[in-house]
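Peer 1: Have a look at this one.
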Amino acid sequence: MMWAVVGVPFALLPVVHWLLRARATPLRAPVAAALLLWLALVLAVALDLLQLRSEAELYLLYTPVAELAVLLGLWLERRIAGPRTERPGGWSRVAGIAFHTQLALVLTVTPLLALVFFHEADVPSARALPAPPPGYTSLGTGQGCGNGNGATCWRTLYLAGPPDLPTAEAADRLRPRQRCEANGWLIDRRELCTEVSTDGATIVYRVYLGGSL
């Protein structure tokens with residue numbers, strides 16, 4: 001509850017700053033819409049309406065990207081409408097001070113948080129496991145982590161193949177062309193690797209996620 005009370009105003013600050021600061025130019029509505037869509041994506045992930053492979057990366061990128069959009073919008077607005085002739089006052093001034101304080105905080109803290117979040121191994125997102133293709137039956141899932149240097153965590157999907165197909169051949173059809181890839185888009189560079197094996201008549205589809213260093 002405490003994090004929600006602090007996090008919601010923090011997430012809304014770029015949108016509020018833009019709406020209070022932006023002038024009536026053609027940029028006002030599109031930038032506001034883009035900021036609200038970006039916020040909606042984060043809320044959808046936070047409420048488990050949408051699953052991403054690297055949710056922590058989205059949370060870390062949300063504020064820097066939103067602030068960059070606001071700063072770019074204000075710069076373009078200045079090019080369109082010219083310099084402002086009046087200084088902001090009232091709530092616009094308060095939001096501006098809070099926005100630039102947030103910007104300084106994010107520029108300092110985000111790289112440190114990225115090192116913390118994306119240095120250690122973690123259980124892969126459930127989204128890293130595929131939905132069973134037609135003819136395959138899910139027998140259950142599992143997860144775990146190893147210990148020691150170079151530890152990895154994994155998530156496992158147990159499958160039964162089509163009844164008219166040998167288990168080894170059914171497993172071959174599930175093997176991805178690319179065995180390892182980055183877990184995130186930009187700053188989560190941990191390797192997410194896939195292994196498909198068999199255990200008797202069971203196909204074991206396992207994804208591993210290790211640390212970045």
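The values are calculated or read from the model by the stated rules, or taken from the named source; none is laboratory data. Please read these numbers as outputs of a predicted model, since none were measured by experiment. Don't worry about glycine lacking a Cβ; one is built from the backbone with ideal geometry, like all the others, and counts go over all protein chains shown. Note: accessible area is taken over every heavy atom of the protein model, side chains too, but ligands, DNA and RNA are not part of it. Shrake-Rupley method; radii C 1.70, N 1.55, O 1.52, S 1.80 Å.
Peer 1: Kindly report the accessible area of the chain per residue (heavy atoms of protein chains, probe 1.4 Å, no ligands, DNA or RNA), in Å². Before the final figure, lay out the partial values.
Peer 2: Numbers: 12860 Å² over 213 residues.
Accessible surface, normalised per residue, equals 60 Å².
Peer 1: Students often check this: by mean Cβ neighbours within 10 Å, which of 126-134, 154-162 ranks highest, and how do the rest follow? Don't skip to the answer; put the middle values down first.
Peer 2: Details: 126-134: 13.2, 154-162: 19.1.
Result, highest mean first: 154-162, 126-134.
Peer 1: How do I203, I80, I187 stack up against each other in accessible area, from largest to smallest, with a 1.4 angstrom probe?
Peer 2: Numbers: I203 0, I80 100, I187 55 Å².
Correct descending sequence by accessible area is I80, I187, I203.
Peer 1: In what sequence, largest accessible area first, do W38, W91, W18 appear using a 1.4 Å probe?
Peer 2: Putting W38, W91, W18 in descending order of accessible area: W91, W38, W18.
Peer 1: So if I place +1 on the C-beta of Lys and Arg and -1 on the C-beta of Asp and Glu, and nothing else carries charge, what would the dipole magnitude of the chain be about its Cα centre? I want it in debye, nearest 20. It would help to have the intermediate numbers written out before the result.
Peer 2: Details: 18 positive and 16 negative charges, 217 e Å.
The dipole magnitude comes to about 1040 debye.
Peer 1: Put T194, T85 in order of accessible area, largest first, 1.4 Å probe: what do you get?
Peer 2: Ranked from most to least accessible, the order is T85, T194.
Peer 1: I'd like the accessible area for C193: 1.4 Å probe, protein heavy atoms, all chains in place, Å² to the nearest 10.
Peer 2: C193 has an accessible surface of roughly 30 Å² with all protein chains in place.
Peer 1: Could you state the angle between the C-alpha long axis of helix 90-117 and the longest principal axis of the C-alpha atoms of the chain, as a value from 0 to 90 degrees rounded to the nearest 10?
Peer 2: 30
Peer 1: Please identify the GluC sites (Glu not before Pro) of region 56-105 that satisfy two criteria: DSSP loop assignment and at most 13 other Cβ atoms within 10 Å. Which are they? Provide the component values of the computation, followed by the final result.
Peer 2: Numbers: sites: E57, E67, E77, E86; in loops: E86.
Here the GluC sites (Glu not before Pro) that fit, given the DSSP loop and packing criteria, are E86.
Peer 1: State the Cα centre-to-centre distance between region 1-73 and region 181-211 in whole Å.
Peer 2: When both Cα centres are located, 31 Å separates them.
Peer 1: Using a 1.4 Å probe on the protein chains only, how many percent of the accessible area of region 65-165 belongs to carbon and sulfur?
Peer 2: 63
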